[in-house]
1. Using a 1.4 Å probe on the protein heavy atoms, what percent of the accessible area of the chain belongs to carbon and sulfur?
2. Hey, what D do you get for the chain in µm²/s if you plug the Kirkwood alpha-carbon radius into Stokes-Einstein at 37 °C and 0.692 mPa s?
3. Placing +1 on the Cβ of each Lys and Arg and -1 on the Cβ of each Asp and Glu in the chain, which of Gly77, Leu89, Phe114 has its Cα farthest towards the positive end of the resulting dipole?
4. Taking the solvent-accessible surface of protein heavy atoms with a 1.4 Å probe, what is the per residue accessible area of the chain in Å²?
5. So what's the back-of-envelope 222 nm ellipticity for the chain, counting only DSSP H runs of four-plus at -39500 (n - 2.57) apiece and dividing by all residues, rounded to 500?
6. Measure nothing fancy, just the Cα-based angle from helix 96-120's long axis to the longest principal axis of the chain, in degrees from 0 to 90, nearest 10.
7. Can you give the FRET efficiency for Thr22 and Leu111, using 1/(1 + (r/R0)^6), R0 = 35 Å, r = Cβ-Cβ distance, to the nearest 0.05?
8. Taking Cα pairs under 8 Å and at least six residues apart, what relative contact order does region 25-123 come out at, in percent?
Amino acid sequence: MKNVFRFLYELLIGKPEPPMETPLYRSEIFPDVGGVSLLLITLVLVLVYYYVLNHVMRTARFSHWYHWLGMLLINAGIAFGYAIYYCRLHEVTPDSYVYWFAFANAFYSALFFFLFSLLLKWRSYNAARTPF
């Protein structure tokens, strides 16, 4: 799993900077942030959108494309903030690489939100056709 997230992040933003922090990024930050914010938080938000907001609450329709887009943007914002928080928690040098990493994390969380939506939307009462 470490190699997957290392590959995904380095594909978008390159090798970690400064070079002395490369082992920290590769062994702890990339897999932890990718595993928690990308997969777990994104999956939870997709499940909340399709099976709480649109499944249980049948009277309150929350199934338009802009509601789905709002949840996607909330998910990306959480992923961005969590990446910065986690880097500060590990006392990484605060430079532009941290912010590029946070943007990459937000991008991948939005991508996984879309993919999880395609996989999990079919059982939702009101949003089986959302996002399209």
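The values are calculated or read from the model by the stated rules, or taken from the named source; none is laboratory data. The structure displayed is predicted, hence computed values, not measured ones. Glycine also receives a Cβ, built like all others from the backbone with ideal geometry; neighbour counts cover every protein chain displayed. Ligands, DNA and RNA are stripped out before the accessible areas are found, and what is left, the full protein with its side chains, is counted by its heavy atoms. Shrake-Rupley method; radii C 1.70, N 1.55, O 1.52, S 1.80 Å.
1. Taking all protein chains in place, the chain shows 70 percent carbon and sulfur surface.
2. Numbers: Rh = 15.4 Å.
The diffusion coefficient I find is 213 µm²/s.
3. Comparing the listed Cα positions along the dipole, Phe114 ranks first.
4. For the chain, the solvent-accessible area averages 56 Å² per residue.
5. Working: 5 runs with 73 residues, N = 132.
Calculated mean residue ellipticity at 222 nm is -18000 deg cm²/dmol.
6. Its long axis makes an angle of about 30 degrees.
7. Efficiency for this residue pair is about 0.90.
8. 40
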